[in-house]
Amino acid sequence: MRIEEILDCEELSSLQRKILWIARFSWAFVAMEIIIISFTLSLFTKIFNLKGFEIGLLASASLIGNIIGAVIFGGIGDKVGRRPLFQITLLWYSIFTALTSLSNTFYELVILRILAGIGLGGMLVIDPALLSEFLPPKKRGRLMVSLDLFWPIGSFIALLLAYLFLESFNGNWRGLFLAAAFPAFMVALFRLIVPETPFFLAKIGKIEVAASILTKLTGRNIEANSITFAVEEEGSYSELFTFYKRRVIAMLAAWMSLNYTYYGLFLWLPTALNILALYGNNIWFFLVLAFLFQIPGYLSAMFLVEKWGRKSTLTVYLLMSGITGITMGLTTNNVLLFTMSMLLVSFFNLGAWGSVYPFTSELFPTKLRGKSFGLAEGTGKVIAVLGPLIFGALYEITGVVTIPLMVTMTIAIVGSIIILIFAPETKKLVFD
């Protein structure tokens, strides 16, 4: 039997549920770490007397680390396996996040944010690749989206911690970063129980070990001689572009447009709301609403990736995030319409994020899965770095928030069109 067929059970086993929950909580801390800097930018601007470029550099520092981590760990993961890197990456991030609290200069702060970002970049590649190889194929799409449901939860935790330490504790940013590191460190310890994936073990010829893991995953006695799996040579990036060119184009369009729009908009959102002065002293309340609207976006995507398919859900949600984002840019003089547009952008943009992981994980065979995620994350994070910088540059040139908002969210529409043209539907594709 193929590993896909062995894993195709109606109910998740105890081990599968544990792995899923560990991955979910880890994902929440990735979001918390990336978003938390947006709440500290104005404070650091005052402390270190920062100029425009320096503010943008600080906002993008962890994203720069993401690029490095995604490319490095994605390639290594296809060689040494998912498990070792699954254990290392979160621990790496939590250590350097804690060390961020010891920064005394602007450049120390930037360097430590980059180093923490390297661990995050590894997690963004390894975690979905590992999780997808433990899940039943019929439930994989919905459960992969459930992983991303914890992204807005992490963002919400970041907002609460920022409010607690920056508002209630008089700008205690050092305590903020220590608080962000501690729970991540605890989850890193729980990641030690996760085994290597049976797909990777079979790929490198360790069929007996793969059978043992499959026995634990399914609760059935799986014999090694019952597993059929072709042991293949290691995949390469050139193979991606030679045999899967159209899929690579669609994958890169999805990741580039999502990264540019998400980080360009949401890392600037607290600052933009301050500039617009639409909400007076109630900015924190409306930020809470924006992050809460991400949750139903994910929940709806969790249902629709199985109902509509991965490609269809991703395309529609990305398109709608662009349309509502442009509407947001056009209604900065109307509080009601602006607020409705902001909430819908949160809904559709984060729902699109929930669709892109099952979409990407099913585009390529096992030997190329780590590299494809590494390429997607690395390329996406290059664009993510540009999002906040270009937003800031356009605001500085034009003096209004309308144009940066519209330019940023137009990219989502372009991405959705490319996906529609080049991507296959991955819902019924079989892993190998």
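Here, each number is a calculation from the coordinates, and none is a lab measurement. No experiment lies behind these values; they were computed from the predicted model shown. Here Cβ is always computed from backbone atoms with ideal geometry, including for glycine, and neighbour counts include all displayed protein chains.
Pop the C-beta distance of Leu43 and Trp21 into the FRET formula with R0 = 41 Å and round what comes out to the nearest 0.05. Don't skip to the answer; put the middle values down first.
Numbers: r = 34 Å, r/R0 = 0.83.
The calculated FRET efficiency here is 0.75.
Along segment 306-314, what does the Karplus equation 6.51 cos²θ - 1.76 cosθ + 1.60 (θ = phi - 60°) give for ³J(HN,Hα), rounded to whole Hz, x for Gly and Pro?
Once θ is set to phi - 60°, the couplings for segment 306-314 become 8, 7, 8, x, 5, 4, 4, 5, 4 Hz.
Would you list, by chain and number, the aspartates and glutamates whose Cα falls below 16 Å from the Cα of Lys307, excluding same-chain residues fewer than 8 positions away?
Qualifying aspartates and glutamates at Cα under 16 Å: Glu425.
Which order do Trp173, Trp268, Trp308 fall in if you start with the one that has the fewest other Cβ atoms within 10 Å? If you can, show how the numbers build up before the last one.
Working: Trp173 21, Trp268 24, Trp308 17.
Listed from fewest to most nearby Cβ atoms, that is Trp308, Trp173, Trp268.
What are the residues whose amide H is under 5 Å from the amide H of Arg2, where those residues sit 5 or more places off or on another chain and H is modelled from the backbone?
Result for Arg2 returns Thr228.
Under a Cβ-only charge scheme (Lys and Arg +1, Asp and Glu -1), can you give me the dipole magnitude of segment 3-422 about the Cα centre, in debye to the nearest 20? Each step should come with its number before you reach the end.
Working: 29 positive and 24 negative charges, 23 e Å.
For segment 3-422, the charge dipole is close to 120 debye.
Tell me, what HN-Hα J-couplings in whole Hz come from the Karplus equation 6.51 cos²θ - 1.76 cosθ + 1.60 at θ = phi - 60° for each residue of segment 406-418, using x for Gly and Pro?
5, 4, 4, 7, 4, 4, 5, 5, 4, x, 5, 5, 5
In the chain, with Lys and Arg counted as +1 and Asp and Glu as -1 at Cβ, which of these residues, Ile34, Leu394, Leu201, has the Cα nearest the positive end of the dipole, that is, farthest along it?
Value: Leu201.
Taking θ as phi - 60°, what are the ³J(HN,Hα) couplings along segment 146-156 by the Karplus curve (6.51, -1.76, 1.60), each to the nearest whole Hz, with x for Gly and Pro?
Working through the residues one at a time gives 5, 4, 6, 4, 7, 5, x, 5, x, 4, 5 Hz.
Summing -39500 (n - 2.57) over the DSSP H runs of n ≥ 4 in the chain and dividing by its residue number, what mean residue ellipticity at 222 nm do you reach, to the nearest 500 deg cm²/dmol? Before the final figure, lay out the partial values.
Numbers: 20 runs with 335 residues, N = 432.
Calculated mean residue ellipticity at 222 nm is -26000 deg cm²/dmol.
Hey, which of these cross-link pairs are over 23 Å Cα-Cα: Lys206/Lys311; Lys139/Lys216; Lys138/Lys367? Don't jump to the answer; show the numbers that get you there.
Values: Lys206/Lys311 34 Å; Lys139/Lys216 18 Å; Lys138/Lys367 21 Å.
Going by Cα-Cα distance, Lys206/Lys311 fall outside the 23 Å limit.
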